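Undergrad: Dropping a structure here in C-alpha cells format, bear with me for questions.
The values are calculated or read from the model by the stated rules, or taken from the named source; none is laboratory data. Because the structure is a prediction, the values reported are computed rather than measured. Positions of Cβ are generated from backbone atoms using ideal geometry, with glycine treated the same way; all protein chains shown enter the neighbour counts. For the accessible areas, the whole protein counts, side chains as well, though only heavy atoms, and no ligand, DNA or RNA atoms are used. Shrake-Rupley method; radii C 1.70, N 1.55, O 1.52, S 1.80 Å.
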Amino acid sequence: MKRSFFAKTFAFTAGAALALSLAPTVKADDKGCSNAILRGTFAYTSTGAIATPPAIAGPFVEVGTQSFDGNGGTTATAMSSQNGNISPLTVTGTYTVNPDCTGTMTLQVTFPGIPAFPLDVYFVVDDGGDEFQAIETDAGLVITRIGRRLFKGRAI
C-alpha cells in the first residue's frame, strides 16, 4: 500500500513538473504575430552577393519599397546594383507570419527583359511590426534584407 501511494505521488509530481517546465516554452513561442502585423509600406535595403551561377556572380545591393496587405500578399519596386549594373526590378508574392514572429516569403522577381524568377526569403518581424530582417534562402545567394515601416507605427 505504501509503495503504491509513493508511485502515484511520484508519477503525479513528475507529470506536473514536466507540464510546468513546458508551459513557459509554449507561451514563449507564441508572440501573438500573424500576417496582420505586416501591413503597410516598408523601405528596405538588401546587401550581399550572388555566388552562383558564375555568369552573374558578384556583389548585389538593392533599395526599394515593399508593401504588405496584412493578408499574405506583397509587392515591391526597387533599384538594384548587381556587379555594378544598375537595374529596376518589381516583385509580387506571398508571405506567412508565424505566431513566434518568424515567417517566409515566396516572391516572383522581374527585371526588365528577363523572365520572372522565384525567390524564397526567411524573415523575423521586430519592433512591434515596424521592422523586419530577412535572408534570401535560395542556393547561390548570400543576401540579407532590412525593412523599416515608412511612418513608424502606422500601417499606410
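Undergrad: Is it the case, given these coordinates, that Ala36 is within 26 Å of Phe151 (Cα to Cα), of a type in the set (A, V, I, L, M, F, W, C), open to solvent by less than 70 Å² (accessible area, probe 1.4 Å) and not in a strand (DSSP E or B)?
TA: In short, yes.
Undergrad: Taking the criterion of being under 17 Å from Ser67 (Cα atoms) and either touching a helix residue (DSSP H, G or I) at 6+ places or on another chain (Cβ under 8 Å) or β-branched (Val, Ile, Thr) (or both), would at least one residue in region 109-120 satisfy it?
TA: Checked region 109-120: at least one residue is under 17 Å from Ser67 (Cα atoms) and either touching a helix residue (DSSP H, G or I) at 6+ places or on another chain (Cβ under 8 Å) or β-branched (Val, Ile, Thr) (or both).
Undergrad: Related question: Look through region 131-156, keep the residues that are among the acidic types (Asp, Glu) and either open to solvent by 20 Å² or more (accessible area, probe 1.4 Å) or in contact with a helix residue (DSSP H, G or I) (Cβ under 6 Å, 6 or more places away or on another chain) (or both), and return whichever of them is farthest from Gly72 (Cα to Cα).
TA: Asp138
Undergrad: Considering only region 95-113, I want to know if a residue exists there that is out of contact with any Leu (no Cβ under 9 Å at 6 or more places or on another chain), modelled with pLDDT under 95 and not aromatic (Phe, Trp, Tyr).
TA: yes
Undergrad: For region 85-103: of the residues being touching a residue at least 24 places away in the same chain (Cβ under 8 Å) and open to solvent by 30 Å² or more (accessible area, probe 1.4 Å), which is farthest from the chain's Cα centre (by Cα)?
TA: Among those that are touching a residue at least 24 places away in the same chain (Cβ under 8 Å) and open to solvent by 30 Å² or more (accessible area, probe 1.4 Å), it is Pro88.
Undergrad: Which of the residues spanning region 60-71 are under 20 Å from Ile135 (Cβ atoms) and surrounded by 14 or more Cβ atoms within 10 Å (Cβ to Cβ)?
TA: Across region 60-71, the qualifying residues are Phe60, Val61, Glu62, Gly64, Thr65, Gln66, Phe68.
Undergrad: Look at region 104-125 and say how many of its residues are surrounded by 13 or more Cβ atoms within 10 Å (Cβ to Cβ) and without any contact (Cβ under 8 Å) to a residue 40 or more places away in the chain.
TA: 15
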